Amino acid sequence: MAPAAPSRAVDTAVELIEGRPESAHDLASLARATHVSARSLQKAYRRELDTSVVEYVRGARLQHARRELLSAQPDTATVAAVAYRWGFAHPGRFSIWYRQRFGESPSQTLRRPG
């Protein structure tokens, strides 16, 4: 049996997150924006995307931060500035999540020759 198509609430939340990943998206605000309860949205994310809302938001932000680090000039950009720009308030946690996701530190990505 084919998997069910993503629900309208998940589609809308994904569009909001991908459209402005640096914004302060949280479960409550996304639930309000998609007109479902927080629990319903969380369950739909788990069922349809096999992740939580928080993990999805973090992943979107990490992807954008990586793109910026890859295109940044290492002599003028800092990992902390990129982290803050993409909604990560704690650079240490950002570095941990980044390494878990991409297998290298953000500073290694920043120093990578273009």
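The values are calculated or read from the model by the stated rules, or taken from the named source; none is laboratory data. Not measured: the values here are computed from a predicted model. Cβ coordinates were reconstructed from backbone atoms using ideal geometry, including for glycine residues, and neighbour counts include every protein chain displayed.
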Count of region 54-80 residues which are of a type in the set (A, V, I, L, M), surrounded by 16 or more Cβ atoms within 10 Å (Cβ to Cβ) and more than 16 Å from Gln108 (Cβ to Cβ): 2
Filter pass, Leu41 being of a type in the set (A, V, I, L, M), touching a residue at least 12 places away in the same chain (Cβ under 8 Å) and loosely packed, with under 13 Cβ neighbours inside 10 Å: no
Residue in region 1-21 that is touching a residue at least 12 places away in the same chain (Cβ under 8 Å) and closer than 17 Å to Trp97 by Cβ present: yes
Failed criterion for Thr51 (all others in (1) outside any loop (DSSP other than H, G, I, E, B); (2) surrounded by fewer than 20 Cβ atoms within 10 Å (Cβ to Cβ); (3) in the same structural domain as Val14 (by TED's automatic domain parsing) hold): (1)
Residues of region 81-96 classified as without any contact (Cβ under 8 Å) to a residue 40 or more places away in the chain and either touching a Ser or Thr at 6+ places or on another chain (Cβ under 6 Å) or surrounded by 15 or more Cβ atoms within 10 Å (Cβ to Cβ) (or both), total: 7
Residue count for region 72-83, restricted to those that are assigned to a helix (DSSP H, G or I) and either at pLDDT below 95 or in the same structural domain as Ser23 (by TED's automatic domain parsing) (or both): 0
Sole residue being within 27 Å of Pro113 (Cβ to Cβ) and touching a Gly at 6+ places or on another chain (Cβ under 6 Å), chosen from Arg85, Arg61, Arg66: Arg61
